[in-house]
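Every read-out reported here was derived from the displayed coordinates using simple, explicitly stated rules and does not represent laboratory data. What you are looking at is a predicted structure, and each value in this text was computed from that prediction instead of being measured. Please note: Cβ atoms are built from the backbone with ideal geometry, for glycine as well, and neighbour counts cover all protein chains shown.
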Amino acid sequence: SLSIMVHVPSTQALATSFLLLSEFTHSKADQTNPIEKFVVKQPQQIHIATESRIVGGTDAPPGQYPFFVKWLGCGASLIHEDIILSAAHCNVIDGNSVWVGAYHAGSTQAGAEKRSITERRLHPFYNEGTYENDFMVMKLDQASTKTPIHMNSDINTPYDNDQLTVMGFGKLSEDGLGSTTLQEVDVNAVPHDTCYTQYSGGIVEDTMLCAGVP
């Protein structure tokens with residue numbers, strides 16, 4: 001959800017994930033953020049098919065990611081007491097119910113707080129075709145008591161091969177079922193040039209990054 005875009009092509013050695021910088025994914029030592037989605041390449045253009053996956057994950061420790069927000073088919077991050085950040089392509093979701101600090105899908109168990117989205121604002125330069133600037137902020141009907149994720153570009157931009165943690169309720173295997181318990185999985189930051197070459201362009205370094213494992 002915030003979304004990660006995950007692609008696991010069977011004919012390629014590298015399982016690549018595209019994460020929006022707005023997801024604030026950190027090194028393993030830091031708190032991080034959610035995941036889902038992904039890309040099929042075509043000459044000169046990238047088309048994205050949304051598929052929520054967190055393959056190879058394990059149950060996250062309860063309370064480990066208080067900023068994680070479950071929003072129907074997408075995830076989000078609590079970035080202020082009453083503001084969440086998600087992906088602009090998730091704006092197609094009609095429902096406005098979210099669970100802050102979600103651990104069990106669609107439930108307030110384990111201390112999650114149910115809130116409602118009252119306003120949505122897409123990035124003014126969001127491009128539906130290329131998924132550039134795929135960011136959206138939303139206001140909640142009331143403040144959450146959970147700790148927001150810390151926003152700092154210096155610590156949220158990983159170095160090549162840094163270990164990153166992604167989380168969500170996506171599929172536990174390719175074409176499998178989604179999880180009902182929050183999952184986490186570690187991946188490594190992939191150099192931009194490697195990712196750009198693999199997908200024949202279309203990867204914008206200022207607003208996208210890649211992560212994956214062999």
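With +1 assigned to the C-beta of every Lys and Arg and -1 to the C-beta of every Asp and Glu, and no other charges, what is the dipole magnitude of the range 53-135 about the Cα centre in debye, to the nearest 20? Intermediate results must be reported in sequence, preceding the final value.
Details: 6 positive and 9 negative charges, 36 e Å.
Charge dipole of the range 53-135: 180 debye, to the nearest 20.
Close amide H pairs (under 5 Å, H built 1.01 Å from N) link Asp82 with Ser144, residues at least 5 positions away or on another chain. So how far, in whole Å, is the C-alpha centre of the range 180-214 from the one of the range 89-129? Each part's Cα centre sits 23 Å from the other's. Remark: the range 168-180, residue by residue, has Karplus-estimated 3J(HN,Hα) of x, 10, x, 4, 8, 8, 4, 6, x, 8, x, 8, 9 Hz, where x stands for each Gly or Pro and the curve is 6.51 cos²θ - 1.76 cosθ + 1.60 at θ = phi - 60°. Per residue, the average separation of C-alpha pairs within less than 8 Å and at least 6 apart gives the range 88-214 a relative contact order of 19 percent.
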